[in-house]
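Just below is one structure, and these are the notes that go with it.
The values are calculated or read from the model by the stated rules, or taken from the named source; none is laboratory data. Remember, it's a predicted structure, so these values are computed and weren't measured experimentally. For neighbour counting, all protein chains shown are included, and Cβ atoms are generated from backbone atoms with ideal geometry for every residue, glycine included. For the accessible areas, the whole protein counts, side chains as well, though only heavy atoms, and no ligand, DNA or RNA atoms are used. Shrake-Rupley method; radii C 1.70, N 1.55, O 1.52, S 1.80 Å.
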Amino acid sequence: MRRLPERSLSNGKHVPVMTGQVTRFLQDCPPGIFVDATLGGGGHTAAVFKSFRDVFTCIGFELDARILERTKKAFKEEGVEAELVQSNFSRIAEYLAMKHIESISAILYDLGINSQQIDNPESGFSYLQDGPLSLSFDNTRAYAAAMLIEECSEQRLTDIFKNYGQEPKAKLLARAIKNNPRKITTTGQLSSIIREVVGERFFIKTASRVFQALRIAVNDELGCIEKSIDSTIPLLKAGGRIVVISYHSLEDGLVKRLFRKNSGKCICIGKVPVCQCGAGPRIKIITPRPIRPNLDEIETNPRARSARMRVAEKNAA
Ligand SMILES: C[S@@+](CC[C@H](N)C(=O)[O-])C[C@H]1O[C@@H](n2cnc3c(N)ncnc32)[C@H](O)[C@@H]1O
């Protein structure tokens, strides 16, 4: 699993990744509603609005209220028209049902975190700046990761570091964290413990794995992606498209499996007499292998380095 060092993520304004490819894949979608499931700074939505203003009505979902407010303001200044909703993307289908919206034309997921979340220590995502140990996209959960650490046994913490961070020193780190005499409430405290365990030389790589693992656990990221993709694919119009950009192998592997299942291939584990996974031929996979950004983009936007894009198209009923 490749991770970007935090330093290269944090470069002020969030530069959206693979915007040209996103708009290219949306070109032939039927007219209607475009959903940005991960609005962030709104770079992708703004590009879609500018390219397809006569084709799509844009709706953007963002869980982080601080980010949403900033993007709302920016859109107003830039004249970008979009309905912006503060919500977990796992609840998009519920929101659309509440609004009596029965179908959508396209949906984009640009997973992971926003550079602004890394830059703001108050968000509690940074292992290089001190702040409340949150790692939650939901601003109301200021000490979410601190609480998780407090509640977890050493074994559970080891499993989180192993499964969500592929951290080789998972056990050692979990033990040091659980044996720390003081309650850990800040990103700085957690970083100090990591530094003590692995030393300065391995600090950045280890901290990025540990923080990523905690972030995935705190936000139930994989569960939310699964719930969201499985519930929005049925809402796509025939010929409508789903585009997903992911940044690490756990996300990309999950998206690959969900696309396979929704294209009719069973993903049940082991031999089962009757398929349990809900496979059905709802979509056609457009990108059998994930698309990577080109070298020019990687050079100018280091965050693009680990990006992988998968696209699928809704089948006719
Ligand atoms: C990589 S950024 C998106 C950047 C965006 N495409 C742009 O152009 O600025 C991902 C965003 O998704 C948001 N996010 C993460 N998990 C979410 C969830 N479960 N529901 C809604 N938003 C989420 C994060 O807060 C973050 O702002």
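If a residue counts only when it is in contact with a strand residue (DSSP E or B) (Cβ under 9 Å, 6 or more places away or on another chain) and closer than 30 Å to Gly240 by Cα, which helices (runs of 4 or more DSSP H) contained entirely in the range 58-164 have at least 1 such residues?
65-78, 92-98
Among the candidates Ala106, Ala65, Ala97, which residue alone is within 11 Å of the ligand (Cβ to nearest atom) and either within 27 Å of Leu133 (Cα to Cα) or at pLDDT 95 or above (or both)?
Ala65
Picking from Ile92, Ile113, which residue would you name as being modelled with pLDDT under 95 and among the β-branched types (Val, Ile, Thr)?
Of Ile92, Ile113, the one residue that is modelled with pLDDT under 95 and among the β-branched types (Val, Ile, Thr) is Ile113.
Being over 30 Å from Ser208 (Cβ atoms) and charged (D, E, K, R) is the filter here, so list the residues in the range 239-285 that pass it.
Selection gives Arg241, Lys261, Lys265, Lys271, Arg282, Lys284.
With respect to the numbered conditions (1) open to solvent by 10 Å² or more (accessible area, probe 1.4 Å); (2) away from the ligand (no atom under 13 Å from the Cβ); (3) closer than 25 Å to Cys224 by Cα, which one is the sole condition not fulfilled by Arg53?
Arg53 satisfies all of (1) open to solvent by 10 Å² or more (accessible area, probe 1.4 Å); (2) away from the ligand (no atom under 13 Å from the Cβ); (3) closer than 25 Å to Cys224 by Cα except (3).
Which members of the range 171-195 meet the condition of being open to solvent by less than 90 Å² (accessible area, probe 1.4 Å) and either of a type in the set (S, T, N, Q) or in contact (Cβ under 8 Å) with a residue 60 or more places away in the chain (or both)?
Asn180, Thr185, Thr186, Thr187, Gln189, Leu190, Ser191, Ser192, Ile194
Restricting to the range 71-85, count the residues that are within 19 Å of the chain's Cα centre (by Cα) and closer than 17 Å to Ser115 by Cβ.
Of the residues in that region, 1 qualify.
Yes or no: the range 144-155 includes at least one residue that is within 12 Å of the ligand (Cβ to nearest atom) and buried (at least 16 other Cβ atoms within 10 Å of the Cβ).
Within the range 144-155 (the criterion being within 12 Å of the ligand (Cβ to nearest atom) and buried (at least 16 other Cβ atoms within 10 Å of the Cβ)), the answer is no, since none of the residues qualifies.
Where the second residue is open to solvent by 10 Å² or more (accessible area, probe 1.4 Å) and among the small types (Gly, Ala, Ser) and the first is outside the structural domain of Gly79 (by TED's automatic domain parsing) and under 12 Å from Thr19 (Cβ atoms) and lies in the range 40-67, which pairs have Cβ atoms under 6 Å and are six or more apart or on separate chains?
If the second residue must be open to solvent by 10 Å² or more (accessible area, probe 1.4 Å) and among the small types (Gly, Ala, Ser), no pairs are left.
Search the range 144-167 for residues that are more than 19 Å from Lys205 (Cβ to Cβ) and pair each with any residue that is of a type outside the set (Gly, Ala, Ser) and open to solvent by 100 Å² or more (accessible area, probe 1.4 Å) when their beta-carbon atoms are under 6 Å apart and the residues are at least 6 apart or on different chains.
The qualifying pairs are Glu154/Arg175.
Which residue out of Val210, Val255, Val272 is open to solvent by less than 20 Å² (accessible area, probe 1.4 Å) and either in the same structural domain as Leu96 (by TED's automatic domain parsing) or among the acidic types (Asp, Glu) (or both)?
Testing whether each residue is open to solvent by less than 20 Å² (accessible area, probe 1.4 Å) and either in the same structural domain as Leu96 (by TED's automatic domain parsing) or among the acidic types (Asp, Glu) (or both) leaves just Val255.
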